[in-house]
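Asker: Let me give you the structure first, and then I'll get to my questions.
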Amino acid sequence: MPVTVTAAAIAGKLALLIGTAVALQATEIPQGSHLLLRMVNSVNTRTAQEGDFVYLRTSSPISIDGTIVVPVESYVQGVVLHSKKSGRVIGRAEISIRIDTLTLPSGQVYHMNPHLASVDSDDTGQKVNPAENDIKQGGGKGQDGERIAILAGSGAAIGGLATRSIKGAGIGAGAGSAVGLATVLLTRGKEVSLKTGTTLDVVFDRKVSLE
């Protein structure tokens, strides 16, 4: 007995096949994709410890051929691998974070390990060190030198006024420099601070299957 296939049935099957093909093409995050993340909790090198969890959300979607495979506000979790406070004399603050999992709104969890590309510095001087895939605080030598120079200048002015002589100004400048150096030695540099809302750009070194 011949089977009658209607045009509507054929169109329906074609639509299903096309939808399936698109879904299959969009089930992976391609290598080289960028993803902007936003900090949910705060992490600071002053208090962070190895093993602390880091919670983030996606601030940008990943779209493949017009299909969004990773929507905004997806959950991302990472962990602190290494954290070092800023030193008083030498040693800049630094922190290393590994991104581990991506959880889509559907509840599906995927493992991933993209590398850091950039971080919102917020005028703090902190930036990503690509060689070690961590975040370092910028150096403060220029600011330290400026602080000593200002204190030395103030000391010279006070010394000169007190003794009304060039010699007094020299003594005052020396005292000011000593105070400035002591201030620098006793004061720690800036810490790396990833506050709530801080954004990080990550890049996928290899494709991630979302099947």
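The values are calculated or read from the model by the stated rules, or taken from the named source; none is laboratory data. Quick caveat, the model's predicted, so the values are computed rather than measured. With ideal geometry, Cβ positions are generated from the backbone for all residues, glycine too; neighbour counts draw on all protein chains shown.
Asker: Provide a single number: the residues in region 112-138 that are farther than 18 Å from residue 38 by Cα and part of a strand (DSSP E or B).
Answerer: 2
Asker: Six or more apart or on different chains, Cβ under 9 Å: which pairs go from a residue in region 58-70 that's closer than 13 Å to residue 104 by Cα and in a loop (DSSP other than H, G, I, E, B) to one that's modelled with pLDDT of 90 or more and among the small types (Gly, Ala, Ser)? Could you list them?
Answerer: 61/74
Asker: Can you tell me which of 48, 21, 9, 15 is at pLDDT 90 or above, farther than 24 Å from residue 205 by Cα and of a type outside the set (Asp, Glu)?
Answerer: On the way: 21 fails: at pLDDT 90 or above; 9 fails: at pLDDT 90 or above; 15 fails: at pLDDT 90 or above.
Selected residue: 48, the only one of 48, 21, 9, 15 that is at pLDDT 90 or above, farther than 24 Å from residue 205 by Cα and of a type outside the set (Asp, Glu).
Asker: Also, I was wondering about something else. Only one of 59, 42, 63, 83 is over 23 Å from residue 121 (Cβ atoms) and of a type in the set (Gly, Ala, Ser); which? I'd like the intermediate steps shown before the answer.
Answerer: On the way: 59 fails: over 23 Å from residue 121 (Cβ atoms); 42 fails: over 23 Å from residue 121 (Cβ atoms); 83 fails: over 23 Å from residue 121 (Cβ atoms).
Exactly one residue qualifies, and that residue is 63.
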